[in-house]
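Every number in this text was worked out from the coordinates using simple rules, so none of it is lab data. In this text, all values refer to a predicted model and were calculated from it rather than measured experimentally. Every residue, glycine among them, receives a Cβ derived from its backbone with ideal geometry; neighbour counts consider all protein chains shown.
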Amino acid sequence: MTSDFAAQLRAASLRVTRPRLAVLAALHDRPHADTDTVIALVRASQPTVSHQAVYDVLRALTDAGLVRRIQPAGATARYETRVADNHHHIVCRSCGTIADVDCAVGRTPCLTVSDDHGFAVDEAEVVFWGVCPECLTKNAGSEGQQ
């Protein structure tokens with residue numbers, strides 16, 4: 001896996017460093033992680049990596065297109081390594097869990113705008129909101145106890 005990450009970094013003209021490899025590994029293992037989670041995961045294997053180093057790596061990886069930054073309304077920024085497609089997200093209103101949602105039809109973008117105002121549209125971002133199965137079960141259980 002590390003060799004795949006190193007190849008991705010080289011292909012993006014980025015130096016291969018331990019912090020960059022650790023951030024890519026963390027996001028591969030934990031998609032939609034926030035910055036604090038990424039820092040904790042990186043520090044589990046590399047305790048001397050600073051907060052600022054992780055922030056810098058996330059910015060560099062995002063700028064290079066190796067990582068996607070998403071920020072649903074009212075939520076903290078999250079990061080993922082799934083960047084090669086135009087997928088969307090569904091967010092739980094109760095616990096904040098985020099899951100990927102594939103486009104319903106076709107290639108990028110999967111939505112057609114009614115008036116593109118002259119823009120060359122290359123991406124559509126949709127966030128679905130709801131309550132995840134775990135929270136639904138929890139809520140149903142707590143309602144039955146009242």
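With r defined as the distance between the Cβ atoms of Ala104 and Arg59 and R0 fixed at 41 Å, what FRET efficiency is calculated, to the nearest 0.05?
Working: r = 32 Å, r/R0 = 0.77.
Plugging the Cβ-Cβ distance into 1/(1 + (r/R0)^6) gives 0.80.
Determine one quarter of the surface area of the Cα convex hull of the chain, which equals its mean projected area, and express it in nm² to one decimal.
12.3
Quick one: work out the % antiparallel among DSSP beta bridges in the chain, nearest 5.
Details: 9 of 13 bridges.
DSSP beta bridges in the chain are roughly 70 percent antiparallel.
Taking θ = phi - 60°, what integer Hz values does the Karplus form 6.51 cos²θ - 1.76 cosθ + 1.60 yield along region 83-94, in sequence order, with x for Gly and Pro?
Going residue by residue, I get 10, 7, 9, 9, 8, 10, 9, 10, 10, 7, 5, 8 Hz, with x marking Gly and Pro.
At R0 = 22 Å, how high is the FRET efficiency between Ala12 and Thr97 if r is their beta carbon distance? Nearest 0.05 is fine. Don't skip to the answer; put the middle values down first.
Details: r = 29 Å, r/R0 = 1.34.
So, using R0 = 22 Å, E works out to roughly 0.15.
Once the piece of chain linking Thr35 and Ile90 is laid out straight, how much longer is it, given 0.36 nm per residue of separation minus the C-alpha distance between them? Don't skip to the end; give the middle numbers.
Details: separation 55, 0.36 × 55 = 19.80 nm, distance 1.93 nm.
17.9 nm is the gain from fully extending Thr35 to Ile90.
Once amide H atoms are built 1.01 Å from N in the peptide plane, which residues 5 or more positions from Cys103, or in another chain, come under 5 Å H to H?
It is His88, by chain and number.
Please state the charge dipole magnitude for region 39-103, taken about the Cα centre, from unit charges on C-beta atoms (+1 on K and R, -1 on D and E), reported in debye and rounded to the nearest 20. All intermediate terms of the calculation are to be shown ahead of the outcome.
On the way: 7 positive and 6 negative charges, 44 e Å.
The calculated dipole for region 39-103 is roughly 220 debye.
Stokes-Einstein at 10 °C, 1.306 mPa s, Kirkwood radius from Cα pairs: D for region 2-70 in µm² s⁻¹? All intermediate terms of the calculation are to be shown ahead of the outcome.
On the way: Rh = 11.8 Å.
The estimated diffusion coefficient comes to 135 µm²/s.
Near the amide H of His32, under 5 Å away, which other amide H atoms are found, from residues 5 or more places off or on another chain, if H is placed in the peptide plane?
Residues meeting the amide H criterion: Tyr79, Glu80, Thr81.
Over region 47-146, what is the relative contact order in whole percent, taking alpha-carbon pairs under 8 Å and six or more residues apart? Before the final figure, lay out each step's value.
Values: 100 pairs, mean separation 21.5, N = 100.
For region 47-146, the relative contact order is 21 percent.
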